[in-house]
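Q: Structure in structure tokens, see below.
Please treat every number below as a calculation from the coordinates, not as lab data. The structure displayed is predicted, hence computed values, not measured ones. In this analysis, Cβ positions are derived from the backbone assuming ideal geometry, glycine residues included, and neighbour counts consider all displayed protein chains.
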Amino acid sequence: MNYIETHPRKVRGGSVHKTIRDKKEERPVKARAKQQLRQKKVSNTSSNLNERKTVEETYLSPDVSNFVEANDVNETKKRIKLWLKTGYPVHLIGPTGCGKTSLAMHVAKEMNRPVVWINGDESITTTDLIGGYSQIEQESLRDQYVHNVFKSKDILKADWVDNPLALACKYGYTLIYNEFSRTKPAANNILLSVFEEKILELPTKFGEDRYIKVHPDFKAILTSNSIEYAGVHRPQDALLDRLVTIYMDYYSFDTEVSIVNAHTGVPDNDARRIVSVVRSLREKLPDTQKPGTRACIMIGEGLKALNGQGRMNFEQICIDVMATKTRSSMELIEKQTFVKEAIEALA
């Protein structure tokens, strides 16, 4: 028996009743739509993997150039690798310019894993470490499955963006947390469960998404300035108990000479003269004003740019670099005297 429409009334441009034939014809269309949706999801997953691979290869690898392999450098490097291998995060503490960050980046690169970076400061919060919701997406759904029923529903979707700590924990990256002691302790509480229970909690998420199991390849290297360590933000004891701390100092004379040579390309005798002047000032200046190996490199680059134009120019370059930590004219005069005395002692 053929189905016959009982009346010609229309609803939103379509018949109130549909024949069995019409309904059968709709089924393949719906099936194709579902298949296309599944294919789109698979395509998005593949796209995300490719995007992640591109990010890892392009942005997350540390750029370490002119690294010097000296005995004292390698000794510290072995200690860092030992503790990272056992699963403990390493905290490097040392004066400004002693090479903490360069060493941390070099070790991270040798771990053969992508590296993520955090620079600690007063404004860092837990969200800056783990991530948060970047935007809200609104989606409207209109359901007309039943011919004469109209259902409307709005769906709000929040897009979550991972920050460095979440990325490192999720994918097994190496985390370098530079200037760790500059961040307020409350922001670093999130690290307690990461280092001990190997679980990262995302406080603003719900259900299973709230927790990330830390990847077995996850490693962490933290650096702090020993001069500022007691006066900025002392980390909580519970967190310090989960770290292995390695104290660093300035490298030996020969190692600093090799570093200056590698970074600037100046002749060996010039590099030795630079390092001698800088080390002489370290013995006379207070801890907060001691020049580091970075100052040696800066003087070397200035000297190379001079192209051998004279002794007085070398003296002025040294004074200019040392004046970066000068707070008064009296301190500047004192440093000028120290530089002249150090250069005269080399003559």
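Q: For each of Met105, Met298, count neighbouring Cβ atoms within 10 Å of the residue's Cβ, then give the residues from fewest to most.
A: Exposure proxy ranking, most exposed first: Met105, Met298.
Q: If you filter segment 184-220 for chymotrypsin sites (Phe, Trp or Tyr not before Pro), then keep DSSP loop positions with at most 13 other Cβ within 10 Å, what is left?
A: Phe206
Q: Looking at this model, which pairs from Lys81/Lys290; Lys85/Lys170; Lys81/Lys219; Lys81/Lys325; Lys290/Lys340 are more than 22 angstrom apart at the alpha-carbon?
A: Working: Lys81/Lys290 29 Å; Lys85/Lys170 19 Å; Lys81/Lys219 10 Å; Lys81/Lys325 34 Å; Lys290/Lys340 17 Å.
Beyond 22 Å: Lys81/Lys290; Lys81/Lys325.
Q: Still on this structure, I have one more. Sorting Thr101, Thr183 on the 10 Å Cβ count, fewest up front, what's the list?
A: In increasing order of surrounding Cβ atoms, one gets Thr101, Thr183.
Q: I need the shape label for segment 240-347. Rule: rounded when a/c is under 1.5, else prolate if a/b > b/c, else oblate, with a, b, c from the alpha carbon gyration tensor.
A: Judged from the Cα gyration tensor, segment 240-347 comes out oblate (a/c at least 1.5, b/c at or above a/b).
Q: What ranking do Leu191, Leu332, Leu346 get, fewest neighbouring Cβ atoms within 10 angstrom at the top?
A: Leu346, Leu332, Leu191
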